[in-house]
Amino acid sequence: MSKGMRGGFPGMGGLGNMQGMLQKVQKMQAQMQKAQEELQARTFETTAGGGAVKVVVTGKKEMQSLTIDPRAVDPDDVEMLQDLIVAAVNEAMKEVDRVSEEEMGRITGGVKLPGM
């Protein structure tokens, strides 16, 4: 039998490789789905202003709670409090993105997949 005739039929070796690759992709998709569900169930807490403002968001990027230290409330400087809230929320969203990217990177071996 010639080298091109492995398994008795030319080209059949490629189908076995294709099936194995498809199984790997399906396994990766299942792992990614599970990781995404676990991430969405988590909460992320960040602070700003040395703890004056605390924000808790879910992995779905929904704010769950906002805590403001009463000492941070200055009627003459509402703008500072607004800035602290924005900073805390933005940091929480970045943390969700960072953890999500890290988790997906573990599954994909660091390969960036379109749409992920």
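The values are calculated or read from the model by the stated rules, or taken from the named source; none is laboratory data. As the structure is a computational prediction, the values presented were derived from the model and not from experiment. Note that we place each Cβ from the backbone using ideal geometry, even for glycine, and neighbour counts take in every protein chain shown. Accessible surface areas use protein heavy atoms only, side chains included; no ligands, DNA or RNA. Shrake-Rupley method; radii C 1.70, N 1.55, O 1.52, S 1.80 Å.
Annotations for the structure displayed:
- Verdict on Val86 being hydrophobic (A, V, I, L, M, F, W, C), modelled with pLDDT of 95 or more and under 22 Å from the mean Cα position of the chain (by Cα): yes
- Reported count of residues in segment 10-27, each being open to solvent by less than 60 Å² (accessible area, probe 1.4 Å) and at pLDDT 85 or above, is 0.
- Count - residues of segment 51-85 that are within 27 Å of Ser100 (Cβ to Cβ) and either open to solvent by less than 80 Å² (accessible area, probe 1.4 Å) or in contact (Cβ under 8 Å) with a residue 40 or more places away in the chain (or both): 13
- Unmet requirement for Met93, which otherwise passes all of (1) in contact with a strand residue (DSSP E or B) (Cβ under 9 Å, 6 or more places away or on another chain); (2) modelled with pLDDT under 90; (3) of a type outside the set (Gly, Ala, Ser): (2)
- The one condition in (1) open to solvent by 70 Å² or more (accessible area, probe 1.4 Å); (2) assigned to a helix (DSSP H, G or I); (3) not charged (D, E, K, R) that Val89 fails to fulfil: (1)
- Selection count where residues are part of a helix (DSSP H, G or I) and aliphatic (A, V, I, L, M), scope segment 61-86: 7
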